[in-house]
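Derivation of every value follows stated rules applied to the coordinates shown; laboratory data play no part. What you see is a predicted model; the values in this text were computed from it and never measured. Ideal geometry is used to build each Cβ from the backbone, glycine not excepted, and the neighbour counts take in all protein chains shown.
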C-alpha cells in the first residue's frame, strides 16, 4: 500500500521546449573515472572505451543539479543552464 | 546599450533581496530569473529560523498567508540504533530564558517558519518589484562583460548586452557569473549535494502527529532532515561530493525510509512521495573571495551557507542586503573597482553572517568527522544512550536491577566507552571551545572566584590578569576578538 520506491521518471517534472545543449564533456580531459556515472540521479552518464558518454536526450531528464560538473576532477565536464523557461521545474515545492 | 546602476543575476532569495535593497537605496535596478517565475527552479529544506523576525520581519509577517506555511517552533531529533529502533528523542526549542531575547520581544516566541521555495521566492521577488526593481523572468544570463579585469555588465543567452555600474551575482552554487569572471571554478570538495523527496500528506493528521516541530533523523548512517509544511513534508539527506564517492544518490533517503517509525509516520499521515529534487549546497569552512572589480557574489554563489548546519536562505538574504548596500556606497563614491568593493567583505565579516564563518573550520571539521562517519556514529550513539541513562528520569525507570546498581552500571559503561572518543573529542570537540566568547569566559571565571582560595580576595581585574598570566589557554580565550 505504501510504496517508498523513488521512481525518478515519475517524480521529476520538465517543461516543454528545447533546452539546447547545456552539458559538454571534453574527451581530451576525461580520465574515465566514472564519478559522473555514480553521482547522476537520472543515470545520464556511462563510460565507454575509457571515456564518459552523455545520453543524447539528457535535456529531457536532467535535474540540473550539476553534480557531474562538481565531481569532475579533471574538469572535463562543463555545465551551463538549459534555455530560459525550459528544463526541470519544481511542481510541488 | 541598455544601462542600469545595478544588475542582479538570479531571482532566488539572495538576488531578490539584493534587488529590493538596491531599489530602496534609489538605484536603478534590474534582476534576472532563468525560470518562468522565481522559485520554480529551486528546492530546499526550507526552514527559516527565529532570527528572521529580527532581520527580515517584512517577509516573516507575510508567510502565514502562503499555502505551504507551517509555523516551526522546535526541532525534534530522533536517534536511531543499528536495529532501526528510535532510541532517543531530543527536542530543541527556546528555554524560558529566551523571554529575554528579541524573539519574544516581538511576541513571536521561538517561532520560525517552514515554507516552500515556490511560495517564498516569488514573495521576496514581489517585494523587490514593489520597491521599484524591474524583474525579467525567462531570461538566462550566460556571460559577463569585462573591461580590463572589471565586470561592466552581463550578456543574455540570446546575445543582448546589458551594462551595469555593479553586477550582483546571485546565480547559485554553480555561478556562471563567478566562473566567467575568472573568480573560481568548481568547489573541489567543499560542496555537498542534497537529494530530497517531497511527500504529500493529510495536513490535519500532520498537525496531530508532528505539530509545529521539524524532525531530524540521526543514526549509524548520514543524518536526514524532515521539514513539515502545511500539507506536505520534505525528507532530505546531503553528503559532500568528493572523489571517494561510492554510493547511489538516493541511498541516504532510502535508508531513512526503511526505519519502521518513519513508515508508520507516513501511514498515519497518509503520506506518499510525489517529487524528487536534488541540488548542490556549498558547505564551506569559509566563503570564497566574494568580490571582484564591478561584481559581488551573494548566497550560494559566494559559498555563504552556514558551516554548521548548511542553512542558506538567511545567509543569501543577508549577503544580498549587504552587497546592495555596498553597491550604493561604491556608486555614490564613483569607484566600483576591486579595491573599493573589498568593502563588501569587510561589511559581511562584521555582520552576524561573518561570526558563523569565523568558526567555519571548527564547525565543518566536527560535522565531517561525526555525522558523515558511519563507524563513529555507531559508537557515538551508544555513548549518547549511556549518557541519557544517567539522566534522573532514566534512572527512575530503569528496572533491570535496584536503581543504585543500575546508575552505577551505566556510569561504568560510559567510562568504558570514553577512551574510544578521546581522539575525536580532542580533535573535533575541544576546538568548539573557541566559539565561546571572552565575555562568557570572563563570567565563568568570576563566578568561580569566591571558591578559589587566596585569589578570592583579589579585585576582579587583577584576578583575571593573574589567571591569564598563569594559563595560556585562559589568556587566548580572554583575548579572542
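Some points to look at:
- Nearest 10 degrees, 0 to 90: helix B:403-417 Cα axis against chain B principal axis: 50 degrees
- Inter-label distance for residue A:31 and residue B:443, nm, one decimal - labels placed 7 Å from Cα along Cα-to-Cβ: 5.2 nm
- Distance between the modelled labels on residue B:412 and residue B:77, one decimal in nanometres: 2.9 nm (7 Å Cα→Cβ projection).
- Computed over the stretch B:292-353, the ratio Rg/Rh where both radii use C-alpha atoms and Rh is Kirkwood: 1.00
- Three-way shape label, the stretch B:152-253, alpha-carbon gyration tensor, a/c 1.5: oblate
- Projected label distance in nm at residue B:383 and residue B:258, using a 7 Å step from Cα toward the beta-carbon: 2.5 nm
- Cα gyration tensor, the stretch B:387-481 - rounded (a/c under 1.5), prolate or oblate: prolate
- 37 °C / 0.692 mPa s Stokes-Einstein diffusion coefficient of the stretch B:199-335, Kirkwood radius on C-alpha pairs, µm²/s: 185 µm²/s
- Multiplying each eigenvalue of the alpha-carbon gyration tensor of chain B by 5 and taking the square root yields semi-axes of 42, 30, 21 Å, largest first, rounded to whole angstroms.
- Cα centroid of the stretch B:295-328 to Cα centroid of the stretch A:1-66, whole Å: 29 Å
- Rounded, prolate or oblate (a/c below 1.5 giving rounded, otherwise prolate when a/b exceeds b/c) for chain A by Cα gyration tensor: oblate
- Extension gain (nm, one decimal) between residue B:285 and residue B:394, 0.36 nm per residue minus Cα-Cα: 35.4 nm
- Cα extents of the protein assembly as shown along the three principal axes, largest first (Å): 80, 65, 51
- Between helix B:313-333 and chain B: long-axis angle, C-alpha atoms, 0 to 90°, nearest 10: 40 degrees
- Across all directions, the average projected area of the convex hull around the alpha carbons of the stretch A:27-80 is 3.4 nm².
- Inter-centroid distance (Cα atoms) of the stretch B:8-62 relative to the stretch B:370-424, Å: 45 Å
- Remark on the stretch B:373-435: hydrodynamic radius 13.0 angstrom, per the Kirkwood mean of 1/r across alpha carbon pairs.
- Rounded to 0.05, the FRET efficiency of the residue B:131 and residue B:373 pair, given R0 = 56 Å and the Cβ-Cβ distance, is 0.75.
- Computed extension length for residue B:457-residue B:161: 99.2 nm, one decimal, from 0.36 nm per residue of separation with the Cα-Cα distance subtracted.
- Ascending count of other beta-carbon atoms within 10 Å, so fewest first, for B:475, B:242: B:475, B:242
- Estimated FRET transfer efficiency (residue A:10, residue B:405; beta-carbon r; R0 51 Å; 0.05): 0.35
- Among beta bridges from DSSP that stay inside chain B, the antiparallel ones total about 65%.
- Between helix B:117-130 and chain B: long-axis angle, C-alpha atoms, 0 to 90°, nearest 10: 50 degrees
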